[in-house]
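K.L.:
Have a look at this one.
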Amino acid sequence: MPTNIGSKQAFEALIQQPGKVVAVDFWAPWCGPCKALAPILEKVSVAIGSKGEIAKVNVDDFSDIAKEYGINSIPTVIYFRAGKEVHRATGIEPEATIIGHFDRF
């Protein structure tokens with residue numbers, strides 16, 4: 001299951017994990033496409049097992065994080081490895097494509 005980020009500190013700690021790809025979904029509860037992406041990310045979370053992690057940042061609650069990463073539209077998923085952004089996708093991607101990002105990085 002994706003992890004819901006509860007603080008800026010938790011976000012920073014999560015994306016800094018060594019040896020793991022962390023995908024962060026920037027979303028909002030009022031966003032229709034975000035709601036459509038959620039079950040896809042849940043399936044991906046199970047499929048990737050320990051090779052990666054998925055987290056969710058509610059842009060309404062953490063607008064400072066969204067601003068820092070230049071989030072202008074949602075859903076946007078940013079993939080991090082050891083704290084560095086390695087890929088960014090805006091909109092809904094198929095499950096297989098998202099899993100492929102974890103394999104690639």
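The values are calculated or read from the model by the stated rules, or taken from the named source; none is laboratory data. The structure presented is a predicted model; accordingly, all values stated were derived computationally and were not measured. Here the Cβ is made from the backbone with ideal geometry for all residues, glycine too, and neighbour counts use every protein chain on show.
K.L.:
Within segment 47-80, work out how many residues are touching a residue at least 40 places away in the same chain (Cβ under 8 Å), closer than 15 Å to residue 11 by Cβ, outside any helix (DSSP H, G or I) and not β-branched (Val, Ile, Thr).
P.N.:
8
K.L.:
If a residue has to be part of a helix (DSSP H, G or I) and in contact (Cβ under 8 Å) with a residue 24 or more places away in the chain to count, how many in segment 81-102 make the cut?
P.N.:
Number satisfying all stated conditions: 5.
Here is a yes/no grid of residues against (1) surrounded by 18 or more Cβ atoms within 10 Å (Cβ to Cβ); (2) among the β-branched types (Val, Ile, Thr):
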| position | (1), (2) |
| --- | --- |
| 59 | yes, yes |
| 64 | no, no |
| 70 | no, no |
| 77 | yes, yes |
| 80 | yes, no |
| 83 | no, no |
| 90 | no, yes |
| 101 | yes, no |
| 104 | no, no |
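A quick yes/no check of all residues on (1) over 13 Å from the mean Cα position of the chain (by Cα); (2) surrounded by 13 or more Cβ atoms within 10 Å (Cβ to Cβ); (3) of a type in the set (Asp, Glu); (4) under 13 Å from residue 77 (Cα atoms):
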residue	(1), (2), (3), (4)
11	no, yes, no, no
16	yes, yes, no, no
19	yes, no, no, no
22	no, yes, no, yes
25	no, yes, yes, yes
46	yes, no, no, no
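K.L.:
Within segment 62-105, count every residue that is modelled with pLDDT under 95 and of a type in the set (Lys, Arg).
P.N.:
Of the residues in segment 62-105, 1 are modelled with pLDDT under 95 and of a type in the set (Lys, Arg).
K.L.:
All but one of (1) part of a loop (DSSP other than H, G, I, E, B); (2) touching a helix residue (DSSP H, G or I) at 6+ places or on another chain (Cβ under 8 Å) hold for residue 30; which doesn't?
P.N.:
Result: residue 30 fails condition (2) only.
K.L.:
Another question, then. When you look at residue 36, is it more than 16 Å from residue 12 (Cα to Cα) and assigned to a helix (DSSP H, G or I), yes or no?
P.N.:
Yes.
K.L.:
Taking segment 1-20 on its own, how many of its residues are under 17 Å from residue 81 (Cα atoms) and in a strand (DSSP E or B)?
P.N.:
Residues that pass the stated criteria total 1.
K.L.:
Starting from segment 4-16, take each residue that is among the charged types (D, E, K, R) and list its partners that are part of a helix (DSSP H, G or I), counting only C-beta distances under 8 angstrom and pairs at least six apart or across chains.
P.N.:
From segment 4-16, the pairs are 8/64; 8/65.
K.L.:
Would you please list the contacts, defined by Cβ atoms under 7 Å and residues six or more apart or on different chains, that run from a residue in segment 27-46 that is farther than 19 Å from residue 6 by Cβ to a residue that is charged (D, E, K, R) and surrounded by 12 or more Cβ atoms within 10 Å (Cβ to Cβ)?
P.N.:
Note: pairs meeting the criteria are 37/25; 40/95; 43/95; 44/95.
K.L.:
Also: Step by step: first the residues of segment 7-26, then only those that are touching an Asp or Glu at 6+ places or on another chain (Cβ under 9 Å) and either over 12 Å from residue 53 (Cβ atoms) or small (Gly, Ala, Ser) (or both), then the one that is modelled with the lowest pLDDT. Which residue is that?
P.N.:
Of everything passing the filter in segment 7-26, 8 is modelled with the lowest pLDDT.
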